[in-house]
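Just so you know, all these numbers are worked out from the coordinates, no wet-lab data involved. Every value quoted in this text rests on a predicted model; they were computed, and no experiment measured them. Positions of Cβ are backbone-derived with ideal geometry, glycine not excepted, and every protein chain shown enters the neighbour counts.
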Protein chains: 2
Amino acid sequence: MNALFKALSHPVRRRIIAMLRAGPLASGDIAAGFDMSWPTITGHLNALKEAGLVSPEREGQTIRYRLEISAVEEAMAFLMDIAGTGETAEVPSIAQKAPRR
Amino acid sequence: MNALFKALSHPVRRRIIAMLRAGPLASGDIAAGFDMSWPTITGHLNALKEAGLVSPEREGQTIRYRLEISAVEEAMAFLMDIAGTGETAEVPSIAQKAPRR
DNA sequence: ACCCTAATTAGGGGGATAGCTAATTGCAAG
DNA sequence: CTTGCAATTAGCTATCCCCCTAATTAGGGT
């Protein structure tokens, strides 16, 4: 849970996650989308992997990263519990605030 | 968004949030729930405030912190967007090569 | 075996974080 | 004004995070 939210706290990592929504991508393809060195991206991918948000698969000489939705859901579950909306079936468009004294 | 997830990435801060679910609490009452110095807790409260997750209200000589559900929902919205089947969402424009297969 | 590409690991510098103790501010009451 | 309680700010140290370049591992092709 710790590493999970921490991974989500960096804009580059959030953008990587957004990229992977469409499907798995090779490390190099991800790195190409940023104006940073490839090793730096590798570091972010490791952080995401540590958080359980992505998983690597070797495929020849390339390595593809796949988004792990279950980790996203885990974070979501925590937030729902806080927000007081225990149901996953419905999206509450109106949220009630805690009663003000 | 950045400070928001970062605030959530620390166990003490998550526990503070959980404590505030039931209703606003004074800084001292929060600090009493942890085995750390009060100033340290003040620091965590500042981080939460910066993230928009809590807001302080002075009441006499005590200061009560109230949970801001809207910030929680903001984080939840991001995660739902990711967990959703990735149809409509802010797609980061990336230099994307043809999917290698 | 050799070389080329893909990707990671190693190492280092600079800045942010987390914890502490000590000092300070803000309020209320005497 | 002084005292007392609540809470924060100041100042410090140790650790972690982010980014870089250089070196290394791993596979595939010739």
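Please report the relative contact order for region B:27-78, taking Cα pairs under 8 Å with a sequence separation of at least 6, and give it as a percent rounded to a whole number. Over region B:27-78, the number comes to 27 percent. The distance between label points at B:Ala18 and A:Ala32 comes to 4.5 nm (points 7 Å beyond Cα on the Cα→Cβ vector).
With a ≥ b ≥ c the root eigenvalues of the C-alpha gyration tensor of region B:2-83, is it rounded (a/c under 1.5), prolate (a/b larger than b/c) or oblate? Prolate.
Within straight-line reach of B:Lys6, meaning a Cα separation under 17 Å, sit the following aspartates and glutamates at least 8 residues removed in sequence or on another chain: A:Glu50, A:Glu74, B:Glu50, B:Glu68, B:Glu73, B:Glu74. Taking amide hydrogens as placed 1.01 Å from N in the peptide plane, the amide H of A:Leu25 sits under 5 Å from those of A:Tyr65, each at least 5 positions away in sequence or on another chain. In plain terms, the chain from A:Thr40 to A:Arg58 could stretch by 4.5 nm, reckoned as 0.36 nm per residue minus the Cα-Cα distance.
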